[in-house]
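The values are calculated or read from the model by the stated rules, or taken from the named source; none is laboratory data. Since we're looking at a predicted model, the values are computed, not measured. Here the Cβ is made from the backbone with ideal geometry for all residues, glycine too, and neighbour counts use every protein chain on show.
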Amino acid sequence: MTDSPALQKTDFGAIYDQPDPRAYFATLGPFGYTIPQHGADAFSRLLAARQQRPRTVLDLCCSYGIVGTLLRTDLRLDDLYAHYTDPAVASLPAEKLQRVDREWIAEHRRQPTPRVVGLDVAPHAVAYGVEVGAMDAGVTDNLEDEPPSDRLAELLVDVDLITTTGGVGYVTEKTFDRLLRSCRAGVWVASLCLRTYDYAPIAESLASHGLRTERMSHTFRQRRFTNDEERTWAMSRVAERGLDPTGKESTGWYHADLYLSRPETESGPPVDELLAGAF
């Protein structure tokens, strides 16, 4: 099925590569965009389950390092919304805001904290995340079109957990395949994927690298629909996949599934048990 221009997911592309995330939060806030917090809560629990020190996360489609900030500090997503929509902050030059944010994130940093590497094709957003300390390193490779650069390949060697909260739909199994080719054995992959998209091709690609994928039974709200057309599009896509939108998309919200992929050789509790009580 080809989406017509009047019936498709709303395009927020303009907010993802600004010098700072003020437009991101001002635009998405009215729609209750909450998925980064759900992701950070789940990923923190998964990192603790791995019991590794130090721990390194690769956040795929990292944007401004929002998930990185939530993983590395005691700040919550509501704190970030309040900060970036504060009128006093809105009037700051971008350079001044970077200095303010660097100090703010440092003040709230937790110990121990995971090392976070960001991957996104948005250079301004990635640069911001690294500059303010939301991420330790950032790379702008487009793995849909080309293999990892030497720099990314070097960073991937130490990665324990690959995460994404909003990447599926923008990236495909091509990106995951190219990531896994450079990762060390034992890496986990945790993805929040909207129910409008089919995760099976990615799970199949991960299986070719020896990873077994589970889906958590709980679903997560992403954001409210922007209009009736988007709601109709989402419910149609979900129904086409054989899923029931009742109580989920029918209530006016996108819902996402959490998928966890681990090496087939590893034993451990199922994902529902690993994340029990976290939500």
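A few comments on the model shown:
- Filtered by the rule that a residue be part of a helix (DSSP H, G or I) and among the acidic types (Asp, Glu), segment 54-97 gives Asp78, Asp79, Glu95.
- Residues satisfying the stated conditions in segment 84-100, i.e. of a type outside the set (Ser, Thr, Tyr) and touching a residue at least 40 places away in the same chain (Cβ under 8 Å): Val89, Ala90, Ala94, Leu97, Gln98
- Residues (surrounded by fewer than 17 Cβ atoms within 10 Å (Cβ to Cβ) and not hydroxyl-bearing (Ser, Thr, Tyr)) located in segment 132-149: Asn142, Glu144, Asp145, Glu146, Pro147
- Residue match in segment 185-196 (condition: surrounded by fewer than 21 Cβ atoms within 10 Å (Cβ to Cβ) and hydroxyl-bearing (Ser, Thr, Tyr)): no
- Annotation note: Cβ proximity below 8 Å between a residue of segment 227-247 that is within 27 Å of Pro30 (Cβ to Cβ) and a residue that is of a type outside the set (Val, Ile, Thr) and part of a helix (DSSP H, G or I) (sequence gap 6+ or interchain) occurs for Arg231/Glu249; Ala234/Glu249; Met235/Glu249; Met235/Ser250; Val238/Glu249; Pro245/Ala234; Pro245/Met235; Pro245/Ala239.
- Number of the exception - Leu180 against (1) surrounded by 23 or more Cβ atoms within 10 Å (Cβ to Cβ); (2) over 17 Å from Val67 (Cβ atoms): (1)
- Taking segment 108-136 as the range and being more than 16 Å from the chain's Cα centre (by Cα), among the small types (Gly, Ala, Ser) and part of a loop (DSSP other than H, G, I, E, B) as the test, only Gly133 passes.
- Selection count where residues are among the aliphatic types (A, V, I, L, M), more than 17 Å from Leu206 (Cβ to Cβ) and part of a loop (DSSP other than H, G, I, E, B), scope segment 155-172: 1
- Here Leu119, Leu152 are screened, and the one residue that is surrounded by 18 or more Cβ atoms within 10 Å (Cβ to Cβ), out of contact with any Lys or Arg (no Cβ under 7 Å at 6 or more places or on another chain) and touching a residue at least 40 places away in the same chain (Cβ under 8 Å) is Leu119.
Here's the yes/no breakdown for (1) modelled with pLDDT of 95 or more; (2) closer than 30 Å to Gly268 by Cβ; (3) buried (at least 16 other Cβ atoms within 10 Å of the Cβ); (4) not hydrophobic (A, V, I, L, M, F, W, C):
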site: Lys9; (1), (2), (3), (4): no, no, yes, yes
site: Leu47; (1), (2), (3), (4): no, yes, yes, no
site: Arg55; (1), (2), (3), (4): no, yes, yes, yes
site: Tyr64; (1), (2), (3), (4): yes, no, yes, yes
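- Qualifying position, being closer than 24 Å to Leu275 by Cα and surrounded by 22 or more Cβ atoms within 10 Å (Cβ to Cβ), among Leu71, Leu75: Leu71
- Of the residues making up segment 180-230, those that are in contact with a Ser or Thr (Cβ under 8 Å, 6 or more places away or on another chain), part of a loop (DSSP other than H, G, I, E, B) and polar (S, T, N, Q) number 2.
- Among the residues making up segment 245-254, those that are surrounded by fewer than 22 Cβ atoms within 10 Å (Cβ to Cβ) and either of a type in the set (A, V, I, L, M, F, W, C) or not in a helix (DSSP H, G or I) (or both) are Pro245, Thr246, Gly247, Lys248, Gly252, Trp253.
- Qualifying residue in segment 204-215 (condition: of a type in the set (A, V, I, L, M, F, W, C) and within 17 Å of the chain's Cα centre (by Cα)): no
- Residues (of a type in the set (A, V, I, L, M) and touching a helix residue (DSSP H, G or I) at 6+ places or on another chain (Cβ under 6 Å)) located in segment 207-216: Met216
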